[in-house]
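For reference, the structure is listed below as structure tokens.
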């Protein structure tokens, strides 16, 4: 075994593709529902479009607003957090996972203008850190700890 094989022992690999806007796109399951997500190493939290709250069975027990910055808007409105979710990418599963819900219409509109597919959400640093993710840009794979 070479050093990279030793390093990635116990990991599962997931191929990714680049969008037309040069973002990393993968498929993930949230609460058993499949969705299309961007990998964003600079996002602290994983997010899903507020419009898809019911599709992904995301429950917000209160109107707990979350203040965020970035993701294409300086003043996001209607931002909430859903606790107790399951996020699965291949064999890597995180349970009791918090997901931020926010308006992503402006992001999807920009993607559509650039002839890219709409996305359901963003996988952020919270999931990447928990799963000790390793991105191999050369082979277009992301490795997640099982």
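The values are calculated or read from the model by the stated rules, or taken from the named source; none is laboratory data. Everything quoted here is computed from the prediction, not taken from an experiment. Virtual Cβ from ideal backbone geometry, glycine too; neighbours counted across all protein chains shown.
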Output the number of residues of the stretch 137-146 satisfying the condition of being surrounded by fewer than 20 Cβ atoms within 10 Å (Cβ to Cβ) and touching a residue at least 24 places away in the same chain (Cβ under 8 Å).
-> 4
Tell me, which residue of the stretch 32-54 that is touching a residue at least 24 places away in the same chain (Cβ under 8 Å) and farther than 19 Å from residue 125 by Cα is surrounded by the fewest Cβ atoms within 10 Å (Cβ to Cβ)?
-> 32
Please enumerate the residues belonging to the stretch 98-131 that are modelled with pLDDT of 95 or more and loosely packed, with under 13 Cβ neighbours inside 10 Å.
-> 129
Unique residue being loosely packed, with under 11 Cβ neighbours inside 10 Å, within 25 Å of residue 141 (Cβ to Cβ) and modelled with pLDDT of 95 or more when the list is 95, 86, 27 = 95
Which one of these does residue 21 not meet: (1) under 19 Å from residue 140 (Cα atoms); (2) modelled with pLDDT of 90 or more?
-> (2)
